[in-house]
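Quick notes on the structure that follows.
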Amino acid sequence: MAVYRLMQFTFRDVLSKEVGKERTSQLFIQAGLLAGREFCRNILNTSMPFNEFVADLTVKLVDHKVGILHVEQADMDSLKFTLTVSEDLDCSGLPIFGETVCDYDEGFIAGIFKEYTGKDFSAKEVDCWATGDRTCRFDVKPK
């Protein structure tokens, strides 16, 4: 885990200096989207009903040491969700520095939902360990 974080934050630092903070965030989201789609295609069963899919996803995220997923709210009619990921790979345990940092996770979550539903999704981090919260919270909705 330490080596992954070191790689992620050194990439973020170098890219931010080269292409700017906003573009770096976009690139991390794009990379996460690709990873989430591949994770879903290769590790998850998208033919399951939603509740079973989420239960399987929760187990697989723990098994792969990504984090502990909890669905706080799910509106199946509008496909809007509020999720938390605790003990996540990206920021759990980091010092507080006042901004969200889980851009990659935003893409990863959106990629999983895209593969499961066939629709484009956005995931926006609204709470983060690095902002003083003790879990990362994401609002997820179709684009």
Note to self: Suppose we filter Leu15, Leu27 for residues that are aliphatic (A, V, I, L, M), closer than 19 Å to Ala123 by Cβ and in a helix (DSSP H, G or I); which single one remains?
What the structure shows: Leu27
Check: Can you tell me which residues in the range 101-120 are within 12 Å of the chain's Cα centre (by Cα) and either farther than 14 Å from Ala31 by Cα or β-branched (Val, Ile, Thr) (or both)?
Finding: Val101, Ile109, Ile112, Phe113
Note to self: Only one of Leu57, Leu34, Leu83, Leu44 is closer than 14 Å to Thr135 by Cα and not polar (S, T, N, Q). Can you tell me which?
What the structure shows: Leu83
Checklist line | Per-region count, the range 39-52, residues surrounded by fewer than 19 Cβ atoms within 10 Å (Cβ to Cβ), touching a residue at least 12 places away in the same chain (Cβ under 8 Å) and assigned to a helix (DSSP H, G or I) | finding: 3
Item checked: Extreme residue, surrounded by the most Cβ atoms within 10 Å (Cβ to Cβ), among residues of the range 60-88 that are touching a His at 6+ places or on another chain (Cβ under 9 Å) and either under 16 Å from Gly36 (Cβ atoms) or free of Cβ contacts under 8 Å to residues at least 40 places away in the same chain (or both) -> Val85
Checklist line | Qualifying positions in the range 100-143 - among the β-branched types (Val, Ile, Thr), modelled with pLDDT under 95 and either outside any loop (DSSP other than H, G, I, E, B) or on the phi > 0 side of the Ramachandran plot (or both) | finding: Thr131
Next item on the list: For the range 3-22, name all the residues that are among the aliphatic types (A, V, I, L, M) and surrounded by 12 or more Cβ atoms within 10 Å (Cβ to Cβ).
Entry: Leu15, Val19
Item checked: Which numbered condition Phe81 misses (of (1) in contact with a Leu (Cβ under 6 Å, 6 or more places away or on another chain); (2) outside any loop (DSSP other than H, G, I, E, B)) -> (1)
Next item on the list: Report yes if Ser92 is more than 22 Å from Lys21 (Cα to Cα), in a loop (DSSP other than H, G, I, E, B) and of a type in the set (Ser, Thr, Tyr), otherwise no.
Entry: no
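The values are calculated or read from the model by the stated rules, or taken from the named source; none is laboratory data. Just so we're clear, the structure is a prediction, and the values are computed from it rather than from any experiment. Note that we place each Cβ from the backbone using ideal geometry, even for glycine, and neighbour counts take in every protein chain shown.
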